[in-house]
Amino acid sequence: MIKGNSYILIFSVLIFLIILFVSTTPLIIKAILAIATIGFLFPFFRTIMLKHKFRKLKVAFYSSLVFTIGLFFVSILMEDSFHFTGGEFLFIFIVLFYSLIGNFVYGLPVSALAEWISMKFSTFRFWLSGLIHIGFGLATYFIAPGFSVPAIICSILFFAFDEITRKRIKAL
């Protein structure tokens, strides 16, 4: 875990954890953020997250952005008449914030796990990776039932963007 000049990484993680634990953030969010942060101390997790010009981080951002825009358009279509007030921007930012948290804290480790497992089975890698992504999206029902449908949608988007970017990188 500690190799060569990784002291800056360890110092940064410790500072983040100290700030996190003295904050007034709810305990479950603190635990999830701490686990995700500690994951960056392991070289395996870092190499998956940072290879191919931050592909996984970009995929997490793209899936959050597409989910937010899609939810906004669906909410416009569901209303009879759309009157633009100021609340729509707040709605967009709140949805984007929570989908970013979900995709970065829950989606990235799941995607790293899916990639690690599916690379061992090259004949059906695509299907296994999709099953792992969507399976963990479905598992959200047991953790937070109110977020299960958005989590499933985000996991499908995450998987689709991950495969698209993987194919583009191979084509280059």
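The values are calculated or read from the model by the stated rules, or taken from the named source; none is laboratory data. From a predicted model like this one, the values you see are computed outputs, not experimental measurements. Every residue, glycine as well, gets a Cβ built from its backbone with ideal geometry; the counts of neighbours run over all protein chains shown. Quick note on the areas: whole protein, heavy atoms, side chains included, nothing else; ligands and nucleic acids left out. Shrake-Rupley method; radii C 1.70, N 1.55, O 1.52, S 1.80 Å.
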- Item | Over the chain, volume per residue of the alpha carbon convex hull, in Å³ | 158
- Item | 3J(HN,Hα) from dihedral phi, the stretch 67-73, Karplus parametrisation 6.51/-1.76/1.60, rounded to Hz, x for glycine, proline | 4, 5, 5, x, 5, 5, 5
- Query: Over the chain, what percent of the accessible surface lies on carbon and sulfur atoms, probe 1.4 Å?
  - Reply: 79
- Task: Starting from the Cα-Cα distance between F93 and A160, subtract it from 0.36 nm times their residue separation and give me the gain in nm to one decimal.
- Result: 21.8 nm
- For the stretch 68-166, run through the chymotrypsin sites (Phe, Trp or Tyr not before Pro) and keep only the ones in DSSP coil with at most 13 other Cβ atoms within 10 Å of their Cβ. F82, F84, F121
- Note on the structure: Scan of the chain for trypsin sites (Lys or Arg not before Pro) in DSSP loops with at most 10 other beta-carbon atoms within 10 Å gives a longest site-free stretch of 4-119
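For the chain, with every protein chain kept in place, what is the accessible area per residue (1.4 Å probe, Å²)?
Accessible surface, normalised per residue, equals 65 Å².
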